[in-house]
Amino acid sequence: MYPNSFPPFPPFCPPTAGDVWRRATLVCQIVAHLFEVSVEDLQSRKRRNASAALARQVAMYVCHVSLGLSFSDVGGLFARDRTTASHACKVIELRRDDRGFDEFLKRIEEAVSALGATPQPTYPAFGCGCRA
């Protein structure tokens with residue numbers, strides 16, 4: 001009949017959807033550690049202190065820019081609206097004019113890029129990068 005050498009076609013095809021959410025969780029943990037706030041503070045619906053607000057904005061920015069999440073997805077991750085995620089990205093972009101802050105952000109982005117550097121098994125026969 002059909003060759004048995006092909007792996008079964010995966011039922012759902014976003015190549016790294018699970019990895020993106022795992023990396024978003026790691027972004028939250030990294031940023032929370034660097035800003036000395038809890039991950040709960042980052043993801044809380046309540047307003048916290050200014051340090052937690054800045055940390056949340058940085059985490060939102062990194063999730064959007066480095067992981068490619070949409071504003072809606074970023075907002076959902078942080079229990080916020082997509083417009084709040086968009087505003088956070090604008091605020092962080094403006095703060096990048098400060099050299100020290102820009103270097104700090106570059107180091108976070110490099111760490112996040114390194115998280116995605118691990119090769120994952122794929123289905124090359126289908127060319128979609130899907131995993132078993």
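Where a number appears in this text, it was derived from the coordinates with a stated rule and is not lab data. Values in this document were obtained by computation on a predicted structure and should not be read as measured data. For neighbour counting, all protein chains shown are included, and Cβ atoms are generated from backbone atoms with ideal geometry for every residue, glycine included.
A few notes on this one:
- Size check on region 17-115: the Cα extents along the three principal axes, sorted descending, read 30, 30, 24 Å.
- Length gained on full extension, PHE101 to LYS46: 17.2 nm, using 0.36 nm per residue less the C-alpha separation.
- Nearest-20 debye value, region 17-115 charge dipole, Cβ charges on Lys, Arg, Asp, Glu: 320
- Relative contact order computed over region 17-115 (Cα-Cα under 8 Å; 6+ residues apart), in percent: 25
- Modelled spin labels at LEU34 and ASP19, positioned 7 Å past Cα toward Cβ, are 2.2 nm from each other.
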